1. About its Cα centre, how strong a charge dipole does region 56-260 have in debye, to the nearest 20, once Lys and Arg get +1 and Asp and Glu get -1 at the Cβ?
2. Which entries in 128/247; 210/247; 95/185 show an alpha-carbon gap greater than 32 Å?
3. Using 0.36 nm per residue, how much length does the chain from residue 220 to residue 247 gain when fully extended, once their Cα-Cα distance is taken away?
4. What is region 56-260's relative contact order, in percent, from Cα pairs under 8 angstrom and six or more apart in sequence?
5. Taking Cα atoms of region 207-265, Rg/Rh with Kirkwood Rh, to two decimals?
6. For region 80-234, give the share of DSSP beta bridges that are antiparallel, in percent and rounded to the nearest 5; count only bridges with both residues there.
7. Two decimals, Cα atoms only, Kirkwood Rh: what is Rg/Rh over region 56-260?
8. Work out the P(r) tail for region 180-244: percent of alpha carbon pairs separated by more than 13 Å, whole number.
Amino acid sequence: MQSARRKVLPMGKKVRTSRFWIQAIPFLFIMTIFPILFSCATNSAKGSDQPASISRFITEFIAHHTAQIGESEQLIFATNRDASSVFVTLHALEKNDGVWRIVFPTFTGSIGEMGFAAVDDKREGDGKSPSGIFPLGFAFGYDPSAETKMAYRQATDNDFWVDDVNSGDYNQWVKGEPQAASWEKMKRDDDQYKYGVVIEYNMHPIVKGKGSAIFLHVWNGGESTLGCVSMSEEMILEILGWLDPAKKPLIIMGTESELRVMKPR
């Protein structure tokens, strides 16, 4: 009988030990993966959980268009794979010591409600975003100043952008109510132009009817635009703080298929 009791006691200890490990394993598993989950959530909040590597498409595009890219050391790619899609993936790159590197994790933006126009096919009022390589001009916004190296203009109730194709001020920012049939308020009733950057599309020279008022700006809850490229306020503030006119920033826009066949100039 005593021998039987001695056999029972060790079994009881084994059972209690097994139960401890059964209860501990889920806790240890959670503690192990929590940092990974937290890291992914943080990256997603910033715009993407994509790895910071340059795609083959971007690498090949840069190699094929060295003349157009010229001395630029800052590039923003706003691309997708469907001309009718209103969403784009944005990549910000900077060239240091002759090597292009990703600056931020990739993030999502929106474009014209009708997607991308083909290269040189953008027209006024078509609801499309232009395709091609364009300089980034001055920044603007509702505040008197912004944290950016770019030239900056405050948008007030007295500032407008003319989109009337018959006006001598077509595709230009003007002070005072324009002598034109149509224009856009630069200080809107919402936050879309709270922060922005002019995309110098159809500006050197201005061709009437080829489209106007193309900007980077704050998005309206992820909705499409009338031709601009929009993004979260968090990301446009990051872009404004990063852009440097001394590095001649450019934006490259379009579907990957359209940009692949775009002829070097």
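1. 460 debye
2. Working: 128/247 28 Å; 210/247 28 Å; 95/185 36 Å.
95/185, as the Cα separations exceed 32 Å there.
3. Details: separation 27, 0.36 × 27 = 9.72 nm, distance 2.95 nm.
Net length gain for the segment: 6.8 nm.
4. On the way: 497 pairs, mean separation 57.0, N = 205.
Across region 56-260, relative contact order equals 28 percent.
5. Numbers: Rg = 14.0 Å, Rh = 13.9 Å.
Result for region 207-265 is an Rg/Rh of 1.01.
6. Values: 22 of 30 bridges.
Of the beta bridges lying entirely in region 80-234, close to 75 percent run antiparallel.
7. Values: Rg = 16.1 Å, Rh = 17.0 Å.
Computed over Cα atoms, the ratio is 0.94.
8. Details: 1389 of 2080 pairs.
Cα-Cα pairs of region 180-244 separated by over 13 Å account for 67 percent.
Bear in mind these aren't lab numbers, they're just calculated from the coordinates by the rules spelled out. From a predicted model like this one, the values you see are computed outputs, not experimental measurements. Counting neighbours? That spans all protein chains shown, and the Cβs are built from the backbone with ideal geometry, glycine included.
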